[in-house]
Each structure stands twice: as structure tokens, then as C-alpha cells.
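The values are calculated or read from the model by the stated rules, or taken from the named source; none is laboratory data. All values reported here derive from a predicted model rather than from experimental measurement. Counting neighbours? That spans all protein chains shown, and the Cβs are built from the backbone with ideal geometry, glycine included.
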Amino acid sequence: MSTETNGHEIVGRGAKDGGRLFREWFEALSQATERGDQVAYVFVMGSISEILRAFDFQVSFPEINSLQTAVRRVAHEYLNTAEDYGYSPDICGYVKADVGMQLRGGEHPMGRIPRPNLAVLTNACNTYLKWAEIWERMYHIPTFTVDIPGGRSAGYGANETSGDFTRDRQYVQYQLQELISLCEQISGQKFDIDKLRMQMQYTNDMAKAYKRVLELNQNTPATFNALSEGTIYLGVANGLRGSVEGSRYFQDLVQEMEYKVANNIGTLPEEKYRLVFVGVPCYPIFRRFYELFADWGGVFIGSTYLWFAAGGLELGYEYDLNNPLESLAEGTMLSVRNAMDSMFFQDRALVNMLDPFRVDGIVYHPIKSCRTVSTGLADNRRAVMEARDVMTLFIESDMMDKRVVSEAQMKNRIDAFFEGLATRKLRMSNQ
């Protein structure tokens, strides 16, 4: 990482390099079948990519594949294919887009998604379990579910000195050892613990840097927008987890963000309102959705999406390379528990963000496609407003299905929200 790079080369490098790495990752997936690579389908909440990379599996994230169809405005084609096949309009849009893609031979706007040799999932989302069963029926492949014991209370992590925590970690470790045996059978390779240590070191680098990037957005003006640029960082965090490219990328990203802080460079020409986003973005009109807030000078300085879909990197947890399997089990357990807490108990984290990040408002965005993320957001909003005097916005649409996205209705609600924020700021400045 060069310390002599000038500012013109640093600013914007994260978005540019992230887009390039993302395209290269999809190109590698498109070529996997021709190269004879083994392919594992995994999920963002507990991908366990380190073990899979140790066996040279190419990892494919069906959630990411699906959302990319929405960002590129072709999701409806895949949704229609799945619904014509018999899937209900009411179920997860990610699932239906993936089913449509599988039925179309892996056809994807960024390449061709290969058929899986293995699926690995956790119980972080109830949909994961049924989703993997679809691949079992389609391809007759083995699926491996890592059962992560949930936390005993609403709080990030757990009491790591308790007997419950130790037993839970051992339970996860035994499952990871079973996964290693399965990977040996499928790949024909013998497990190399030193290779696993190397992947884990790269993830350590990424976790330390990812956490630092999120913390730097406490700066005013914000160094990045958690909704737009943050989604790029999130894609690299998942797709390149445990890789040297991912490690280098996030170390460079920290350099960029620290440069922007030192030189008072923000993500908007004029930052007026600092916001937190709760939920999953509206991908069918992703750019326009961002603009509806940016046009008012609103910057998303944080997002629960960057927590629960980051595989635990936001925790900054570092694996103990002297005890790799035990540490990987602990890190996996903590990351999945944190993901579930970020979906169901994020009110405490949101309240704790208000002062250090100087938050002006919180935007809640429940979506039709994902009841797991959306259920309870109204109650969560009420809990936050009871705890602190902060303005909130509650708007509904979807992450995949443009049929339930009304830009005009959202714009009316968003404009009224910002008018309220402006009135509040004026009133407070006159006190």
C-alpha cells in the first residue's frame, strides 16, 4: 500500500477498485465449470469461506447474484420465470430470482453462475434451509447446515467466560470438523491447516480494516455513503473474504478514508443531514432511491445492512491462528449471533450510534420480500423513539420486485421527512 499516492488517485479508489474486483469475481465464477473448479453455494450470514477456500472451492453467493439482477433492472424477468414455474409471489424475491436463474441455465447479467457441487448454510435465516433444499432437488448435491446456537439474551456476542458459551463454541467446532471431512470427500484434497491459517489471516486483515472504515464515518463530513458506496464494500467483503485481494483492498480503503478525514473530504458536495438506514435497500430503483435522500443533502453514515450482511467483519473479531479451528468456530458463532441481533435487536445499537455519529434521523425500510428482516421494525422504531428524541421515517417497498415499488409515494414521504428535519434544525438553532 503506497503512502505516496496523491489525493486524486486515492479519492474514489475504493468504489473503482471494488467494482473491478467484483467484476473479476463474477468472471471467475463464469469460468469455473470450464476450469473444472468445485463450486460451493454459500450465504452472507456465516459463509465459512475460509474453510472452502482452503479446499480451492469457488464460492457463489445466491443473495448477491439475485440483488445484482435487481440493480441491473432485470430482476422481473427472473421473478416471472420462477412464478411461472409455480413459486408464489409472496416468498423471498432473492429465492425466486435464483430459481429463475437456475432454470435459465445460470444466465446472469454479470456472466454465468455455475452449478454447485456443495451448499453450505447456517440457521441465521429460516429461508436458507428451504432454499438449499431447492438445490438438493435440482442438482442432487450435498448440503451442510451449521447450526449456530442463538444468544441467550438481546446483546451482541455473549458472556465468553460462561459455560454456555464454551459449550456452544465446541458444538460449532465439531460441526466445522464434519464440514472439513465433507470437503475432503468432494474435492479429493487433504485438509491443510496451514492453508486455512493463511485464509484466516486475510480475513483478520479485512475485519480490522472494515471495522475501522465504519468507525471513520463518525467524521463530519461522512467519508462514504453507507447505502451506495457501502454496498460496494459489502460485496467485496463477502465475495473476497479470506483472500489476499480482499485483504489488500480493505487496507487500501482505510488509507482512502483516513485521507478523506484528514482533508475534510465528504461523499456529498454539501452534507446537511446524517442518517442511519435500517433494513435492505430498494435495489429495483437503487440509484434513484439513493438520490431521493442525497438531493436533500442526506448522507447515510451507517446501515444495519452493513452489519448483518457483513459476515461479522464489522465486529473486528480476529481469529487466533494458534488455535484455528476453535477460533474459527468462535468467530462464526459470534458473527451469526451478531447478524441475528442486528436484525431483531438493533434498537440498542442504533441508540448507541446517535451521539458519536451525530445522527439526525433514522430511515426504516421494511420490504415485502424478506419478513425476517422486516418483521418487528415498527416495534423497533417505537423502542428507539421512546429511548431518544430522534426523527424517523418508515417507508415500505422491496429489494427485488419493482411491481411493489412506488417511487412517487416514497418521494412524498421522504420529502416530508426532510422538511420535518429542516424545521427541527431551525427550531433548535433559535433556542
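Summary of computed values
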quantity: Gln38, sole failed condition from (1) among the polar types (S, T, N, Q); (2) farther than 21 Å from Arg137 by Cβ; (3) touching a Ser or Thr at 6+ places or on another chain (Cβ under 9 Å); calculated: (2)
quantity: Enumerated helices (runs of 4 or more DSSP H) restricted to segment 1-96, each holding at least 1 residues that are farther than 17 Å from Ile113 by Cβ and without any contact (Cβ under 8 Å) to a residue 60 or more places away in the chain; calculated: 7-10, 13-30, 75-85
quantity: In segment 33-48, residue farthest from Val236 (Cα to Cα) [restricted to those that are crowded, with 22+ Cβ neighbours inside 10 Å and small (Gly, Ala, Ser)]; calculated: Ala40
quantity: Pairs where the first residue, in segment 371-394, is of a type in the set (Asp, Glu) and the second is part of a helix (DSSP H, G or I), C-beta under 9 Å, 6+ apart; calculated: Asp379/Asp347
quantity: Qualifying residue in segment 399-421 (condition: polar (S, T, N, Q), at pLDDT 95 or above and touching a Lys or Arg at 6+ places or on another chain (Cβ under 7 Å)); calculated: no
quantity: Positions within segment 211-247 being part of a helix (DSSP H, G or I), under 23 Å from Gln199 (Cβ atoms) and polar (S, T, N, Q), in sequence order; calculated: Asn238, Ser247
quantity: Residue in segment 259-266 that is within 28 Å of Ile10 (Cβ to Cβ), at pLDDT 95 or above and crowded, with 20+ Cβ neighbours inside 10 Å present; calculated: yes
quantity: Selection from segment 382-409 of residues that are of a type outside the set (Val, Ile, Thr), surrounded by 20 or more Cβ atoms within 10 Å (Cβ to Cβ) and over 21 Å from Tyr128 (Cβ atoms); calculated: Leu393, Ser397
quantity: Qualifying residues in segment 174-208 (those that are β-branched (Val, Ile, Thr) and over 30 Å from Val254 (Cα atoms)) - the one nearest to the chain's Cα centre (by Cα); calculated: Ile180
